[in-house]
Structure formats: structure tokens, C-alpha cells
Amino acid sequence: MQNIFVIAKRELYAYFVSPIAYVAIAVYLIIAGFIFWLEVGGMAQYGTPPSLEGQFSTMAFLWLIFAPPLTMRLLAEEQRMGTLELLLTSPVRDWEVVLGKFFASLSVLLLTIVISFMYALVLKAYGNPDLGPMAAGYLGLLLAGGALMSIGVLASAMTQNQVVAAVLAFVANLVLWILSAAGQSASSLTTQVFNQLGFFEHTLNFWRGIIDTNDVIYFVSLMALTLFAATRVLETRRWR
Amino acid sequence: MIDVEGLTKSYGPRVAVDDVSFHVEKGEIVGFLGPNGAGKTTTMRMLAGYLPPTEGRASIAGFDTFSQSLDARRRIGYLPETVPLYPEMTVADYLDFMAALRHVTNRKAAVQHAMEVTHIQDRARMNIGKLSKGYRQRVGLAQALVHDPDVLILDEPTIGLDPRQIIEVRELIKGLAGQHTILTSTHILPEVEQICSRVLIIHRGKLVAEDTPKNLGARLRGAERIGLQVTGDGAKLQAALAAVPGVQSVQATNEGRYEVAVAPGQDLRAQLAETVVKGGWGLLELAPVGMSLEEIFLQLTNEEVVA
């Protein structure tokens, strides 16, 4: 546990000593804020009850684009700089390295989510929103965002080139997102399979305020699977 | 402290390290010598627990580097060939991170001590990315020392440094002997003569020699050789020297310089001097030629070519 914390802490240090985290968080919040402004405008115009349903789906979609640049450095740079050799010869297990990196990216995600609580506060100040569904939405955001980060960690383990890692992660995210669309144009059984695999379908309930164990399990197992794969990829680096 | 038995590493059909065995006692400084690509780095990586061996085993302080990897790694300070540094961190933060990773209890004191030993306190607050090559190398060493490990594995610790820095790092390594067991690789031969109590020579993955630098020289030296610098007619001198009893051959090496090979165990210096002076030549210099480690090394690593 201590090892994971030490690695995550150093990684956070690296995030905030370079402009990457600041820039990513700022741009993310500017876009999300703009969407929020549009959403609020719509709610005021049509008198719909205040909710963050549309906001959440946009914010999750934005992570599809913002997760890769935040995760690309994590393991790729360690491999390029030779510091991975240092980590792997320290009394640290491979999975502790992977989890440390993952938790660092998760902290950046969490920070962004905490800042985005202001949307809920604004709605609360000027309307009477239902807070329960919002909490579910934020949980969904954390789970979906976390899964996207874990995909980024895996991509970063596979190469020592940051750009390649980012592109790999982005393509993987896109494929997962598109799977649901592929499901809609196929026969019923394939529809179900694709819908189960696709990212999009599993987020919808959260935005509506429903926490379905099916969806929670989907995201948690996606994270577990990708992080396990990342650990194995790291292990194979030793054999080369 | 370091036990290596039949250590082998192959990458597909290519054998990088071939059945290497050796022992290093506690407190020893052992030099690991070999041409580039001989398998030094691969061997050290296996010892450090980075690469698993294909065959054979290695243990550090009694812990197997593969099956008890974490225990073995806790006792090692490792400086890889490319010094692994995070350029965005300050020296002190980096060392603190390494100390935390190795579960050092009093990190502040450990970091301070490592910086003192390697003389980098004045750069503690600087970003590693802004340091000169010499300082980076020392930060790398400080990193290997910060948890006070039993065993230090240093892969080419003086590579890329200027002569003054090389001397500093050598002094540093020498100063660490006794408390730490050190295995250091290099392809700079005088370095080994200066700091190591024992030398392992590796060539094409195989251990070809293991001895003290001095014994290696004695063992390989077929004949004693004496160098002379003389003024005057060369051809006659050569003949005169060759006529001295016990002389095996006389070679002109340079303008006015000669090397005389003498059967081992005989000291013919007095006779040679007498011959030169009596013959009317001017004797400028007369000294035994020791076999340098370079020659030993070349001889060992060329044996296959010669044979």
C-alpha cells in the first residue's frame, strides 16, 4: 500500500510540475462550463426541471479526449528515460507500479470532478434540483472516467513513445464508445452483446440517477482487466 | 555477499551471458571488465532483479534474485548504465522518493547523508534536468546509496565524465569499500587497477579470468621485459644486447628505444647497463616494462582469435 502511495505521489508531483495537468484541467473545465451555460440557458427557456443529465454525458464524453493526454506519459516516459529499470529493481511489485500510476491519474480526474461540483452548487443556488440523481451522475463520471484512465495506463505500458500511447488510448476509447452504435444496426443478439460491451450504454443509467450494479460491475471489471493487462505488459518488458 | 552460479541469459538463439559463476565476499570491490557487448550489463541486470536468468541462479546476501526478488532488491543499490533520473524533480525530492520506495525509516537523515557522501548538497534544491553530467552521475550514485544497501551494483559509474570527475567518482567508490560490497563494471582498465581488489573479465558472455589485477599480470606474462633508451648507433647495439646471456630477443620499438625480453626470474638490468655503457653508447633510460592491464585484457579477449 505504501509503495502505491509513494509512486502515486511522485506522479502527481510530475503532473503539476509540468503544465500538462493544469492545461488539461483548464481546457476541460472551459468546455464543460460552456456546455453548462448552454444547458442552463435551455432549462431556463423551456422551464424544464434543473438537472445535470446532459452535463454528465458531455463531461464523460470529454474524458474520452482528455484521458489519453493525461495518461500517455505514465509508463511510456519511464521506459524511455530508463527510470522503469529503477522502479523495477526497487523492492516494489510490478502491480504496485501500475496501480500507483493509475491512482495518480485518478486523482487528477477526481480533482476535476470536485471542481465540477460548482455546477451542482449553481443549480442548487438558483433552483431546486434533485441531489440524489446528481450524486449517481458524479459516481458514474468517476467510474467511466476511471475506466478511460486505466485504458490509458495500459496504452502507456505498451510503448515508450508518448504520442503512440495517446493515439492507442484514444483509438481504444473510441472503439469502446462506438460499440453501442454498432449494436443498434445489428440483429438482436449481437445488439445485446455490443450494448453490453459498449461504453455508452453503461453510462446512461448513471446520468438518469440510477446506480445499476450491472453498470458498476462493467466499469470496475474494465479497470481491473486493463490494469491487469498493463501489469503483464510491464512484466514482459523484463523478458526482452 | 554475491553468489552467482551458472548464470545464463539467452535472447532466442543469442546467448548474452553464458554459464557465469563467481562469488564476491563482504566488503570487497570487484571490477567487472569486458568489451562493449560482452554481457556485463545483462549480468548486472540479472543481479539487480531486473531480468530473470534463463538458467542458473544468483543470490544477494543469501536471497535469490528471482524467487526472493523483493528481499534481494531491498539489499541492493543499483546504478544502471543510463542513470535513471526524473529531470523535473529536484535532487532532494528525487532522493526522498527513492528512499521512500525502499522503506527508509529516517528519510531526511538518509537523504542528507547520501548527498554528503556524494558531495551534492549544494545542488539539493536544483532541478535534476539542469545539472551537469558529472552531477547527474553523482545523483545516480546517491540514489544507489540512500538506503544504505549491503551490495552496490554500479554499471559503468564513470562513463561520460571528465577526468577530474572520474577521479572524484573513483575516490568516492573507494571510500565506500568495507561498509558495502561493490560490483562495478567498466571498460576503462586503469580504473580497475586503482579501485578494485579483484577483477572479473567477461568476454562474449563467458567469464574468462578472475583474479587480482596484480596476479593477472604475473600469470599472463611469459617473459620479463626491460625497456631501454639509448643514443648512438642502433644496429650494433641490438647485436650487443642480444649477445648478453639470458636475453631472449631485442626489439627496436622507437627511435633510440629498445625492448629486451628476458627469461622469467632473471634480473639482467645490471648486465644490460654495463653492455651499453662499455660499448660507448649513451644510456638515457633503463626500466622494467610491466604488463599493463590493457595488454592482459587484449590478450585474454583475443585468445580465440589467435588460437
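By the rule of a C-alpha distance below 14 Å, with chain neighbours fewer than 8 residues away ignored, the aspartates and glutamates paired with residue B:278 are B:233.
Using a simple spin-label model with pseudo-atoms 7 Å out from Cα toward Cβ, residue B:21 and residue A:38 lie 7.4 nm apart. Partner shielding of B:78-84 amounts to 4, given as the average count of beta-carbon atoms from other chains within 10 Å of each residue beta-carbon. Considering the options A:206, A:2, A:138, tell which one lies farthest towards the positive end of the dipole of chain A, charges being +1 on Lys and Arg and -1 on Asp and Glu at the Cβ, about the Cα centre. Positive-end residue among those listed: A:2. About its Cα centre, the range B:2-218 has a charge dipole of approximately 460 debye under the convention of +1 per Lys or Arg Cβ and -1 per Asp or Glu Cβ, with nothing else charged. When chain B is treated as a GNM, springs tying every alpha-carbon pair under 10 Å, which of B:37, B:129, B:234 comes out with the largest mean-square fluctuation? Maximum fluctuation in the GNM of chain B, among the listed residues, is at B:234. Here's how it looks for residue B:17: its modeled amide H is under 5 Å from those of B:9, which are all 5 or more places away or on a different chain.
For the residues A:205, A:214, A:195, a GNM of chain A with alpha-carbon springs under 10 Å puts the largest fluctuation on A:214. In order along the range B:25-32, phi translates into HN-Hα couplings of 7, 4, x, 7, 10, 10, x, 10 Hz, rounded to whole numbers, per the Karplus curve 6.51 cos²θ - 1.76 cosθ + 1.60 with θ = phi - 60° and x for Gly and Pro.
Residues considered: B:92, B:263, B:209. Largest GNM mean-square fluctuation over chain B, using C-alpha springs under 10 Å, is found at B:263. A simple packing score, the average count of other Cβ atoms within 10 Å per residue, orders the peptides A:47-57, B:161-171 as A:47-57, B:161-171, with the highest score first.
Remark: the protein assembly as shown carries a charge dipole of roughly 500 debye about the Cα centre, counting +1 on each Lys and Arg Cβ and -1 on each Asp and Glu Cβ.
What the pair-distance distribution of chain A shows, using all Cα-Cα distances binned every 5 Å from zero, is 1, 7, 13, 17, 17, 15, 12, 9, 5, 2, 1, 0, 0 percent. Inter-chain neighbour count for B:97-104: the average number of beta-carbon atoms from partner chains within 10 Å of each residue's beta-carbon is 6. Once the Cα atoms are used to define both axes, helix B:107-117 deviates from the longest principal axis of chain B by about 20 degrees. Using the Karplus relation 6.51 cos²θ - 1.76 cosθ + 1.60 with θ = phi - 60°, the per-residue 3J(HN,Hα) values for the range B:134-141 come to x, 5, 4, 4, 6, 5, x, 5 Hz, with x marking Gly and Pro. Here the range B:112-175 and the range A:53-132 have alpha carbon centers that stand 36 Å from each other. What you get for the range A:47-101, charging only the Cβ of Lys and Arg (+1) and of Asp and Glu (-1), is a dipole of about 60 debye around the Cα centre. Volume per residue for the protein assembly as shown equals 200 cubic angstrom (convex hull of Cα atoms).
Karplus-derived 3J(HN,Hα) values for the range A:219-236, using 6.51 cos²θ - 1.76 cosθ + 1.60 with θ = phi - 60°, are 5, 5, 6, 4, 5, 4, 5, 5, 5, 5, 4, 4, 5, 5, 4, 4, 4, 5 Hz; glycine and proline are entered as x. Enumerate by residue number the GluC sites (Glu not before Pro) in the range B:1-66 meeting two conditions: DSSP loop (anything except H, G, I, E, B), and at most 13 other Cβ atoms within 10 Å of the site's Cβ. Passing sites in the range B:1-66 are B:25. Compared with the dominant Cα axis of chain A, that is its longest principal axis, helix A:162-184 is turned about 40°.
Among the residues of A:87-100, the average count of other protein chain beta-carbon atoms within 10 Å of the residue beta-carbon is 5. Beta bridges from DSSP with both residues in the protein assembly as shown: antiparallel share about 65 percent, rounded to the nearest 5. Normalising the average separation of contacting C-alpha pairs (under 8 angstrom, six or more residues apart) by the number of residues puts the relative contact order of chain B at 19 percent. Each of the peptides B:197-204, A:152-159 was scored by the mean count of other Cβ atoms within 10 Å over its residues; in descending order, highest first, they stand as A:152-159, B:197-204. When the C-alpha to C-alpha distance is required to be over 27 Å, the pairs from B:108/B:133; A:9/B:108; A:9/B:26; B:108/B:174; B:40/B:133 that qualify are A:9/B:26. Against chain B, whose longest principal axis is taken from its Cα atoms, helix B:293-306 shows a tilt of about 80°. Only helices enter this figure: runs of n ≥ 4 DSSP H residues, each worth -39500 (n - 2.57), summed and divided by the residues of chain B, yield -10500 deg cm²/dmol at 222 nm to the nearest 500.
Every read-out reported here was derived from the displayed coordinates using simple, explicitly stated rules and does not represent laboratory data. This is a predicted model, so every value here is computed, not measured. Backbone-built Cβ (ideal geometry, glycine too); neighbour counts: all protein chains shown.
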